[in-house]
1. Looking at the range 17-46 only, could you name the residues that are of a type in the set (D, E, K, R) and open to solvent by 70 Å² or more (accessible area, probe 1.4 Å)?
2. Exactly one condition in (1) of a type in the set (A, V, I, L, M, F, W, C); (2) surrounded by 12 or more Cβ atoms within 10 Å (Cβ to Cβ); (3) more than 24 Å from Ser199 (Cβ to Cβ) is false for Leu71; which is it?
3. Those residues that are part of a helix (DSSP H, G or I) and within 14 Å of Phe127 (Cα to Cα), I need them from the range 70-85; list them, please.
4. State whether the residues of the range 55-63 include one that is surrounded by 14 or more Cβ atoms within 10 Å (Cβ to Cβ), of a type in the set (A, V, I, L, M, F, W, C), at pLDDT 95 or above and in a loop (DSSP other than H, G, I, E, B).
5. Would you mind telling me which numbered condition in (1) open to solvent by less than 60 Å² (accessible area, probe 1.4 Å); (2) farther than 27 Å from Leu26 by Cβ Phe193 fails?
6. I'm checking my understanding of the structure. Among residues of the range 86-100 that are in a loop (DSSP other than H, G, I, E, B) and not basic (Lys, Arg), which one is least open to solvent (accessible area, probe 1.4 Å)?
7. Tell me whether the range 76-85 contains one or more residues that are touching a residue at least 24 places away in the same chain (Cβ under 8 Å), open to solvent by 50 Å² or more (accessible area, probe 1.4 Å), in contact with a Lys or Arg (Cβ under 9 Å, 6 or more places away or on another chain) and closer than 14 Å to Phe50 by Cβ.
8. Looking for whichever is within 25 Å of Arg5 (Cα to Cα), modelled with pLDDT under 95 and basic (Lys, Arg) here; the options are Lys104, Lys151. Which one fits?
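The values are calculated or read from the model by the stated rules, or taken from the named source; none is laboratory data. What you are looking at is a predicted structure, and each value in this text was computed from that prediction instead of being measured. Glycine also receives a Cβ, built like all others from the backbone with ideal geometry; neighbour counts cover every protein chain displayed. Note: areas computed on protein heavy atoms with side chains; ligands, DNA, RNA excluded. Shrake-Rupley method; radii C 1.70, N 1.55, O 1.52, S 1.80 Å.
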Amino acid sequence: IDTLRWDTLSANGYGRATSPELDQWLAQSVQFTNAWAPAPRTKPSFRTAFTGRYPSFAGAAPTIAEVLAPLGFNTAGMVGNVHLVPRFRFNRGMDHWEYENGAKANDQVDRALAWATEHQGEDTFQFVHFMDPHTFYEAPEPWKGMFQDGKSKPKAVPQRFNRWQIYNLMKKQRLTDAGKAWIRSAYDAEVAFTAHELSRLLTG
């Protein structure tokens with residue numbers, strides 16, 4: 001899940017109920033609480049995730065799909081990040097690879113469950129990737145605005161924004177505490193939506 005903060009899940013002590021369905025799964029799971037990303041960027045991080053090698057050694061290493069395919073596994077990926085397009089070869093060894101830039105979590109889960117149903121009874125490996133907690137923070141109903149407490153968006157904050165616009169507002173000292181709180185609430189709504197959909201995937 002792109003840009004999901006560990007400390008924004010209610011299972012991890014966050015003050016908002018962002019992940020009630022997912023919390024039930026986490027309560028019966030092993031959680032690694034001291035995990036580190038191998039790099040602060042998408043491509044090197046995913047190269048490590050797919051190969052188990054540090055980024056500088058991952059380019060030529062076999063991917064997990066390339067390891068599993070000769071063992072008879074059917075493999076698939078459903079991805080939503082522009083850095084995971086096929087030309088960057090993250091799909092090496094995958095039997096099936098679906099890319100939609102910025103795909104919503106509900107669409108990703110629908111795709112993943114459809115593929116899993118098609119391959120019931122087979123050995124499978126599936127990589128399902130969510131982008132929702134990444135900007136633009138546009139959670140669908142009924143999650144949209146669920147943490148806004150009826151407050152309207154501050155005028156300085158654009159309706160649709162990326163990180164550079166927010167950074168520029170901060171540099172110009174135009175981002176107030178109310179603006180930060182509104183952005184955080186919009187982010188938390190995306191976390192809640194994603195947690196709901198991830199729980200739906202696990203249940204399926």
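1. Across the range 17-46, the qualifying residue is only Arg41.
2. That leaves (2) as the condition not met.
3. Initially, the range 70-85 is screened for residues part of a helix (DSSP H, G or I), giving 70-71, 82-84.
Matches in the range 70-85: Leu84 only.
4. yes
5. (2)
6. Filtering the range 86-100 down to residues in a loop (DSSP other than H, G, I, E, B) leaves 89-95, 100.
Still in the running and not basic (Lys, Arg): 90-91, 93-95, 100.
On the way: Phe90: 4, Asn91: 45, Gly93: 33, Met94: 29, Asp95: 96, Glu100: 72 Å².
Restricting to residues being in a loop (DSSP other than H, G, I, E, B) and not basic (Lys, Arg), the top hit is Phe90.
7. First, pick out the residues of the range 76-85 that are touching a residue at least 24 places away in the same chain (Cβ under 8 Å): 76-81, 83-84.
The next check asks that each one be open to solvent by 50 Å² or more (accessible area, probe 1.4 Å); those that pass are 83.
When the remaining residues are screened for being in contact with a Lys or Arg (Cβ under 9 Å, 6 or more places away or on another chain), the result is 83.
Of the ones still in play, those that are also closer than 14 Å to Phe50 by Cβ are 83.
The answer is yes; a qualifying residue exists.
8. Numbers: Lys104 fails: modelled with pLDDT under 95.
Answer to the check: Lys151.
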